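First comes the structure, then the notes that go with it.
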């Protein structure tokens with residue numbers, strides 16, 4: 001998609017988003033707040049912004065941060081190439097921060113220029129990095145119809161009320177209650193009205209936007225069942241978990257690019273097939289073309305693993321073209337992209353070598369692209385002896401070793417599931 | 001502590017524990033249930049059993065598993081050397097399984113021999129591996145006084161009730177409610193009475209033991225604030241998190257053993273000090289002696305990293321003694337133990353080498369201990385040139401490389417916190 005173009009929002013409404021990210025270091029004892037902690041080198045808030053940014057029909061993304069973090073946030077936006085983002089100064093509580101975020105659509109004083117008021121506004125947390133378009137879309141649709149909507153999840157633990165003496169008063173029937181999660185969405189006029197009516201007490205001590213819509217605008221929010229990945233990064237263990245999920249996601253897809261020649265296509269198919277026993281991959285084979293919409297979609301969908309197959313022994317032209325396309329997409333800004341350039345030798349002659357000049361060119365190319373966070377590896381394959389991989393530029397490994405080595409940084413730490421091959425980590429709560 | 005000896009329980013009561021681990025693969029679609037999934041190669045349930053087993057004043061640990069997993073559970077108990085554990089066949093729901101677990105203390109038919117009925121029984125989950133003695137002790141004390149007690153945690157999300165139309169009915173004031181967690185504890189007679197009175201409906205659809213004690217025995221459980229590490233492994237992300245926490249715990253402590261000579265003690269102090277910039281360690285220096293209670297406590301407290309400093313160039317006697325002690329402790333059964341044998345050369349002569357014979361002896365020793373899950377590494381240090389590490393048996397690394405290499409498998413995946421050095425992953429919920 002060209003920059004600036006917008007897909008249609010669900011229901012044809014105009015939609016913007018507010019991300020409260022205002023927790024200050026002070027409240028955590030002077031240390032960095034969670035939303036600025038790095039996962040795979042990238043701050044948590046950047047993942048949440050990116051999740052919103054990938055949804056083309058969201059017009060503006062307002063990130064609300066505490067005054068001392070405004071510069072940090074602006075640096076993050078620049079570094080990771082975020083678009084459509086406005087940074088707004090937060091208040092001293094979550095509700096006051098969200099209110100400030102909403103004001104940029106309604107009051108001149110809170111922004112250098114008044115942003116266009118959306119019909120529906122999404123509210124999402126900076127510490128929930130894995131939100132998908134599907135749930136955002138459902139919540140927006142429900143908000144359009146009901147005035148307010150929010151994602152919910154089943155309770156993991158029974159909820160209990162304690163009496164004044166610290167003893168159990170009663171426990172809630174788990175099935176009747178839900179955990180209120182994010183994203184939430186509102187008709188802008190409703191949530192803005194609610195915040196305007198809101199008492200100081202609610203602004204200071206409340207946390208639940210759905211509650212404000214109900215209390216001040218008599219709007220009963222529609223509750224939408226969300227997925228397990230909406231969870232909020234709260235504890236240190238959530239940081240570990242989030243990082244593992246990110247790595248998991250990165251390593252699952254590989255795009256194989258061939259020029260359409262039959263032999264090449266065959267290798268393009270065989271290589272990932274033979275490696276599937278070593279690493280879980282979803283291989284997609286496409287030709288290399290700037291105008292191929294499938295390839296463009298794959299790149300903009302943040303694929304981080306590419307195999308480029310050609311039949312020229314050392315030519316790097318195709319790898320160079322792909323590297324250029326990747327660079328333009330900004331994808332490598334987020335995480336390293338692995339590009340394995342496979343050179344297929346289909347000659348009958350079994351002995352060959354790569355000239356020093358070619359090798360120098362290739363190494364220079366790899367060094368240059370590495371600066372752009374694109375890691376190029378080369379494989380030379382003797383097709384007649386396939387799957388014998390006989391030569392790797394600069395690396396004397398077999399193909400599987402290279403493959404695993406290339407993907408190692410994108411691959412999740414193996415959770416050691418030798419015991420439970422095929423175990424069901426269902427996205428459902430597990431009781432009994 | 002000698003096998004069989006017991007510390008005194010809080011309040012002097014007799015205490016046993018029931019761990020429901022009865023979730024069957026069938027309920028998860030034929031796959032392995034979570035409690036049998038491996039973290040660092042060891043099933044989750046084994047961590048929970050070990051957490052109970054380490055508390056010396058718990059007499060019996062009843063693990064309740066579904067019929068098809070009884071043999072699996074027995075294999076786990078044997079493999080990991082668990083003591084004081086009785087495996088009991090579970091029922092079709094959580095409550096029925098717990099009831100079966102309690103029956104082994106009260107009814108002959110459920111065990112080959114009737115176990116001695118405890119005054120207080122702990123109920124804990126097999127999928128909560130990180131429970132510490134402190135919270136178990138508090139819950140037991142509170143149960144002795146109040147008849148029932150359970151650990152609680154603040155709610156992470158707002159809890160809401162939905163109306164019949166799927167819209168928000170009301171949201172609960174978060175501060176007034178808590179999540180009910182484990183462990184829980186009860187006077188045995190109270191919880192057993194509650195289960196005997198319990199309707200089939202409650203046995204089939206309930207999950208909360210505190211609720212049964214209240215409903216059937218009018219016992220209002222005392223609620224005890226628990227720590228964040230009590231969380232239940234529920235989703236796949238929890239598996240990632242739990243494994244990271246385990247690795248984190250393993251790598252934090254190193255025990256340095258010296259024979260008491262001043263020079264050795266100095267190196268024993270300097271080595272971890274100089275490495276602290278590379279890896280976070282808590283070093284404890286003790287002499288090597290089978291009768292030293294501090295060393296015994298460290299080994300039984302599951303330290304996995306040892307540095308043994310001596311001034312004999314190649315003697316492995318001390319490393320051998322320590323390896324024997326470790327083997328007897330069963331610690332290496334759970335996770336690999338790293339043993340770095342540091343040989344200090346205090347001679348004025350700067351050039352030396354290790355004879356082939358010595359090297360062969362050392363390598364043979366390392367191979368043998370590796371079979372017992374004790375990984376021996378050797379370092380030869382020229383003290384006059386300290387901290388120059390000049391020779392490593394079989395490995396040509398500097399000390400830091402060896403150190404990091406040795407601990408790599410016990411070390412957590414770095415969560416990439418370059419951004420948030422010193423960030424506060426407080427064990428508190430983070431709102432705003």
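Bear in mind that the values in this text are calculations on the coordinates, not laboratory data. Quantities reported herein were computed from a predicted structural model and do not represent experimental measurements. No Cβ is skipped: glycine too gets one built from the backbone with ideal geometry, and neighbour counts run over all protein chains shown.
Multiply the residue gap between residue A:371 and residue A:320 by 0.36 nm, knock off their C-alpha separation, and tell me the result in nm, one decimal place. All intermediate terms of the calculation are to be shown ahead of the outcome.
On the way: separation 51, 0.36 × 51 = 18.36 nm, distance 1.39 nm.
Fully extending the segment from residue A:371 to residue A:320 adds 17.0 nm.
When Cβ neighbours within 10 Å are restricted to other protein chains, what is their mean count per residue of peptide A:146-157?
Taking all residues of A:146-157 together, the mean is 4.
Taking the simple approach of a point 7 Å from Cα along Cα-to-Cβ for both residue A:115 and residue A:145, what is their distance in nm?
In this crude label model, residue A:115 to residue A:145 measures out at 2.7 nm.
Put a point 7 Å out from Cα along the line to Cβ at residue B:164; what are the distances to that point in the other copies, in nm, shortest first?
Between copies, matching label points for residue B:164 lie 3.7 nm apart.
When each copy gets a label point 7 Å from Cα toward the beta-carbon at residue A:368, what are the spacings between them in nm, shortest first?
5.9
Would you please give the FRET efficiency between residue B:106 and residue A:165, computed as 1/(1 + (r/R0)^6) with r the Cβ-Cβ distance and R0 = 35 Å, to the nearest 0.05?
Step by step, r from the Cβ atoms, then E = 0.70.
Just to verify a number: FRET efficiency for residue A:74 and residue B:218, C-beta to C-beta distance, R0 = 51 Å, to 0.05? Show your work: numbers first, answer last.
Working: r = 60 Å, r/R0 = 1.18.
So, using R0 = 51 Å, E works out to roughly 0.25.
For a quick check: sort A:115, B:39, A:210 by the number of other beta carbons within 10 angstrom, fewest at the front. Please list the in-between numbers first.
Working: A:115 15, B:39 23, A:210 28.
Going from least to most buried by this count: A:115, B:39, A:210.
Hey, got the average number of other protein chain Cβ atoms within 10 angstrom for residues in A:221-227?
For peptide A:221-227, the averaged partner shielding equals 3.
Only Cα pairs under 8 Å and at least 6 apart count here; give the relative contact order of the range B:132-266 as a rounded whole percent.
Details: 157 pairs, mean separation 36.9, N = 135.
Reported as a whole number, the value is 27 percent.
Quick check on the exposure proxy: order B:306, B:130 from fewest to most C-beta atoms within 10 angstrom.
Values: B:306 26, B:130 18.
The order, fewest Cβ neighbours first, is B:130, B:306.
Just tell me how shielded B:170-179 is by partners: mean number of partner chain Cβ atoms within 10 Å of each residue's Cβ, no decimals. Could you put the intermediate results ahead of the total?
Working: counts 5, 13, 7, 5, 5, 1, 3, 8, 7, 7.
Neighbouring Cβ atoms belonging to other protein chains average 6 per residue here.
How do A:257, B:190 line up, fewest other C-beta atoms within 10 Å first? Intermediate values should be presented prior to the final figure.
Details: A:257 27, B:190 22.
With the fewest neighbours first, A:257, B:190 line up as B:190, A:257.
Sort shortest first the distances from residue B:78 to its counterpart in every other copy, using label points 7 Å along the Cα-to-beta-carbon line, and give them in nm.
6.6
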